[in-house]
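Student: Handing you this structure, nothing more for now.
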Amino acid sequence: ARITLRQLLDDAAEYGYGVPAFNINNMEQGLAIMSAAAKVDAPVILQVSRGARSYAGDIMLARMVDALVEMHPDVPLCLHQDHGNDEATCLTAIQHGFTSVMMDGSLEADAATPASYDYNVAITARVAEAAHAVGASIEGELGVLGSLETGSGEAEDGHGFTGTLAQEQLLTDPDQAQDFVARTAVDALAIAMGTSHGAYKFSRRPDGGILAMHIIEEIHRRLPSVHLVMHGSSSVPEALQDMFNRYGGQMRPTWGVPVEEIERGIRHGVRKINIDTDCRLAMTAQFRRIASLQPDEFDPRKFLKPAMEELQNLCRERFEQFGTAGNG
Ligand code: G3H
Ligand code: 13P
Ligand code: NA
Ligand code: ZN
């Protein structure tokens, strides 16, 4: 059954677990994520970016999610707009059956100027009012994460964001978070806490303490009923990098967010954990493996089936690690 982000994360807060939000663009990802959830009795957040909507088309995505709900009637499912950038994106998502939208007013904020903050507050408050009027939830964002928001974009992951000093300066300010929530009434708040989007988050193995736990704790303490969201939460598992590279891929050495760090985050109030890169890597590592081991293969299903299995395993693992399993 379809539920809102507010309903889902209220339950997560009550029972102290986190919920991964997996990005989807196509049928195979939808099938894999839902199978994993059904197997471990977990609720699901499927999130759809603007890019996903233009890739698959709104009608296809909406009908696909209808089908997933019909196939898995017992799995609580929240369909969420990832990184909405204006009213039209968020409101048309709701028209297509999304129960939650992210209005990312921080995308415009190239610097933490008063003007960009006011813009973020105003547009987020407007979307929140519209979403709440029709029973949908809303996530806002305050702060600047990595590559997606420093202007370098996904294609240049790893070049847009370097150095711990810059990172420290970009952490969300708890005073501002409190003001932002009071003025927007968001259900969930994405904060900058030390992560960035994409595969290239850290150039060395992070030795613990990479998340700004004090920021998470402080914001959670001041805003206990607002659910904290952690973007850029892929772990970029070494095993998947190895598979990808063993079969001809050329991913540069990189480290993501260690799962134990995410688990610590959940203990300090993080509820929604956004994961896209790991899902992409799980599937394409299998594409490469099949292409390399069976160079005569040309049936796409022979590529997509192992890719779905790899993704399903990844999702299942995260549901178990984040405590989502058993709460469906
Ligand atoms: O945060 C962005 C997500 O990873 C979605 O990426 O815009 O390439 O679909 P996308
Ligand atoms: P990753 O790139 O770490 O998977 O983050 C995805 C994300 O935050 C989507 O909003
Ligand atoms: Na931001
Ligand atoms: Zn994100």
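Student: Give me 284, 195 sorted ascending by neighbouring Cβ count inside 10 Å, so fewest comes first.
Tutor: If I rank by nearby Cβ atoms, fewest first, I get 284, 195.
Student: Mind giving me the FRET efficiency for residue 242 and residue 204? R0 is 30 Å, r the Cβ-Cβ distance, nearest 0.05 is fine.
Tutor: 0.95
Student: Ranking 221, 288 by Cβ neighbours within 10 Å, fewest first, what do you get?
Tutor: Least crowded to most crowded, the residues run 221, 288.
Student: Per DSSP H run of at least 4 residues, take -39500 (n - 2.57); add these up for the chain, divide by its residues and hand me the 222 nm value, nearest 500 deg cm²/dmol.
Tutor: Taken over the chain, the calculation gives -15000 deg cm²/dmol.
Student: Counting other Cβ atoms within 10 Å of each Cβ, which GluC sites (Glu not before Pro) in segment 179-285 have at most 10 and sit in a DSSP loop?
Tutor: Loop-located and lightly packed - none at all.
Student: Also, quick follow-up: Provide Rg over Rh for segment 37-151; use the alpha carbon set for both Rg and the Kirkwood Rh (inverse mean inverse pair distance).
Tutor: Reported Rg/Rh, Kirkwood definition of Rh: 1.02.
Student: Would you mind telling me which residue in 269, 249, 105 has the biggest mean-square fluctuation in a Gaussian network model of the chain, where springs connect alpha carbons within a distance under 10 angstrom?
Tutor: 249
Student: Right, here's the next one. Taking the Cα atoms of segment 5-321 alone, what are Rg (to one decimal) and Dmax (as a whole number) in Å?
Tutor: Expressed in Å, the Cα Rg and Dmax of segment 5-321 come to 18.8, 60.
Student: Here is a further query. Positive end of the dipole of the chain, charges at C-beta (+1 Lys, Arg; -1 Asp, Glu), about the Cα centre: which of 182, 21, 134 has its Cα farthest in that direction?
Tutor: The residue sitting farthest along the positive end of the dipole is 21.
Student: Pick out, in residue order, every one of the chymotrypsin sites (Phe, Trp or Tyr not before Pro) in segment 286-326 that is DSSP loop and has at most 11 other C-beta atoms within 10 Å; say none if there are none.
Tutor: 298
Student: If the cut-off is 28 Å between C-alpha atoms, which lysines fall inside it for residue 39, apart from same-chain ones fewer than 8 positions away?
Tutor: Cross-link targets: 272, 302, 305.
No value in this document is a laboratory result; all are computed from the given coordinates. Just so it is clear, the structure is predicted and the values come from calculations on it, not from any experiment. Glycine gets a Cβ as well: all are built from the backbone with ideal geometry, and neighbour counts include every protein chain shown.
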